[in-house]
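To keep things clear, I will list the structure first and then write my remarks on it.
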Amino acid sequence: MSRPPLPPFTEQTAIEKVRLAEDGWNTREPAKVALAYTIDSTWRNRAEFINGRVEIEAFLARKWTRELDYRLIKELWAFTGNRIAVRFAYEFHDDSGTWFRAYGNENWEFDGDGLMRRRLACINEHPIAEADRRFKWPLGRRPDDHQGLSHFGF
């Protein structure tokens, strides 16, 4: 299975890969999102170590059961060859209605077919007032005309 754009990345293809990843995660569909990763993909997500597509799918299912009305923006930070670094922010609320914003950085490494074989994520989050939310588009893909992270200073 191939997932274009493929490495080695140019600035344009790296930006496209980042947006495709953002769009996928904003579906909140674990099985669909997991297909972007190799069967034996390895992750470090905060202090959790995840191995393989089956564990990725289970992790995402747990995540989106807890993180309700999840909306994510990713932005390219750097790229070279088969690696991309991104920064991101996402907003969600828990089952008590408390809103949170999470900020982070990810380092990605891809195989020749464009599947991510390694993901290293550092993430911090904090509660926010509902009035302080910035990501208010309808659930799903972020509209093309919605501001990105740099606009918000995140």
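The values are calculated or read from the model by the stated rules, or taken from the named source; none is laboratory data. These figures come from a predicted structure and were not determined experimentally. No Cβ is skipped: glycine too gets one built from the backbone with ideal geometry, and neighbour counts run over all protein chains shown. Surface accessibility is based on the protein's heavy atoms, side chains included, excluding ligands, DNA and RNA. Shrake-Rupley method; radii C 1.70, N 1.55, O 1.52, S 1.80 Å.
Pick from TRP64, TRP43, TRP108: which is under 14 Å from the mean Cα position of the chain (by Cα), assigned to a helix (DSSP H, G or I) and modelled with pLDDT of 95 or more?
TRP64
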*Looking at this structure, is ARG71 surrounded by 19 or more Cβ atoms within 10 Å (Cβ to Cβ) and either part of a strand (DSSP E or B) or touching a residue at least 12 places away in the same chain (Cβ under 8 Å) (or both)?*
yes
*Could you grab me the full set of residues in segment 116-138 that are under 24 Å from ARG3 (Cα atoms) and under 14 Å from the mean Cα position of the chain (by Cα)?*
MET116, ARG118, ARG119, LEU120, ALA121
*Could you identify the single residue in PHE152, PHE49, PHE135, PHE100 that is aromatic (Phe, Trp, Tyr) and open to solvent by less than 20 Å² (accessible area, probe 1.4 Å)?*
PHE135
*So which residues in segment 1-33 are in a helix (DSSP H, G or I) and of a type in the set (Lys, Arg)?*
LYS17, ARG19, LYS32
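On the given criteria, is VAL54 open to solvent by less than 10 Å² (accessible area, probe 1.4 Å) and not hydroxyl-bearing (Ser, Thr, Tyr)? Break it down stepwise before answering.
On the way: open to solvent by less than 10 Å² (accessible area, probe 1.4 Å): no; not hydroxyl-bearing (Ser, Thr, Tyr): yes.
Against the criterion (open to solvent by less than 10 Å² (accessible area, probe 1.4 Å) and not hydroxyl-bearing (Ser, Thr, Tyr)), VAL54 does not qualify.
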